[in-house]
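J.: Got a structure for you, written out below as structure tokens; questions coming shortly.
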């Protein structure tokens with residue numbers, strides 16, 4: 001009991017000294033147990049071998065939905081690779097009220113267009129329905145990485161996990177779920 005009181009007095013003194021004078025060195029601070037830091041996927045964890053810089057292939061609009069999105073797809077595809085080495089993510093397709101979005105992934109080498117279920121009606125957590133709105137909401141990706149991050153709520157079965165950060169790896173023309181980190185921001 002005496003030891004606890006001494007520790008509490010020492011800690012109170014250290015905290016008081018650090019508030020009064022931030023230049024005071026805290027040598028007597030109690031040791032905290034070492035906890036391993038959590039490592040969330042980073043773009044450099046999923047590199048690609050090279051980034052395609054050639055002329056994009058003609059888009060294969062082989063279904064009605066892709067045909068409906070074709071003008072938006074063409075506009076982004078012309079800009080070149082923006083994801084996973086030779087793909088272009090085209091976001092804000094089918095934009096609707098409440099932050100619901102759809103995104104497609106176009107292969108610039110083959111012209112194939114993919115509509116992953118996780119991106120078909122996801123919520124980007126940037127605007128309406130989120131308290132407060134997240135300026136970093138939406139899709140995050142790089143031309144030199146296979147990692148895709150959704151900040152908000154994924155579509156499909158993954159959306160049942162809630163609101164937060166969804167981490168995916170683009171593998172064999174599919175989004176492979178890696179992990180989910182729940183967000184303190186909630187939908188209204």
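Every residue, every condition in (1) more than 16 Å from residue 174 (Cα to Cα); (2) surrounded by 23 or more Cβ atoms within 10 Å (Cβ to Cβ); (3) modelled with pLDDT under 90, yes or no:
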position	(1), (2), (3)
110	no, no, no
115	no, no, no
123	yes, yes, yes
127	yes, no, yes
134	yes, no, yes
143	yes, no, no
148	no, yes, no
155	no, no, no
158	no, no, no
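J.: Also, quick follow-up: How many of the residues making up the range 160-176 are at pLDDT 90 or above and buried (at least 16 other Cβ atoms within 10 Å of the Cβ)? It would help to see each step written out before you state the result.
T.: Of the residues in the range 160-176, the ones at pLDDT 90 or above are 160-161, 165-176.
Remaining after also requiring buried (at least 16 other Cβ atoms within 10 Å of the Cβ): 165-170, 175.
Count: 7.
The values are calculated or read from the model by the stated rules, or taken from the named source; none is laboratory data. Note that the structure is predicted; figures quoted are calculated from it, not measured. Neighbour counts are summed over all protein chains in view; Cβ atoms, including those assigned to glycine, are modelled from backbone coordinates with ideal geometry.
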